[in-house]
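Below is the structure I would like to discuss, written out as structure tokens.
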């Protein structure tokens, strides 16, 4: 397993480096956008940072750009699989004892490490930026640790849905099959809402529960969801790995 993981880390080093250096770039871009909007006569760093703490614009900038960076990481994750989509190489790897498990294990580890590096880098950058703001203004900005760790597990959960499709149909067609699956699921739900009265009642109950949750009426339930979601995301990732191991050789038939 270690040799396959090492091969994947070397082969996907650009992906890993993006996870490491994108968060500092995100904060730099957010501050630059703020400078463009706020800079003028009598500019001082104290007024600049205090103004952003007061109106929350910097936090929104960081959040939007972080989401865009996460989307970019999702697009690059497909490259982890596309680099080894060769029928000859895959058949040779399958002939090695536990070759299928090794191949998929290395790729799942590479994707997880890229996401984990993104989280660690974003956490360090946010803490460093908060220290600078505190030194300049005497005020602490909003800590994003809870949001960042939630984004990490959301990323893991979403990748656990994506990767079996990439393994089974290849990176070229897997993303289209995944999108088609989502569209078909949405159509089925819409038909069920229109023609199945009981389903519409279920949707209303779920919507009411979500509205109460967002309004802070279900604090204990919200805490349970936040605490349980990381466990669910890790479980989904491990299950996805097992599914991908079973699907890989079927996907090899689509390789050239």
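Where a number appears in this text, it was derived from the coordinates with a stated rule and is not lab data. Since the structure is predicted, the reported quantities are computational estimates derived from the model, not experimental observations. Please note: Cβ atoms are built from the backbone with ideal geometry, for glycine as well, and neighbour counts cover all protein chains shown.
Applying a 10 Å radius around every beta-carbon, put 164-172, 179-187 in order of their mean neighbour count, most first.
164-172, 179-187
Can you compute the FRET efficiency between residue 242 and residue 124 using 1/(1 + (r/R0)^6), with r the Cβ-Cβ distance and R0 = 30 Å? Round to the nearest 0.05.
0.35
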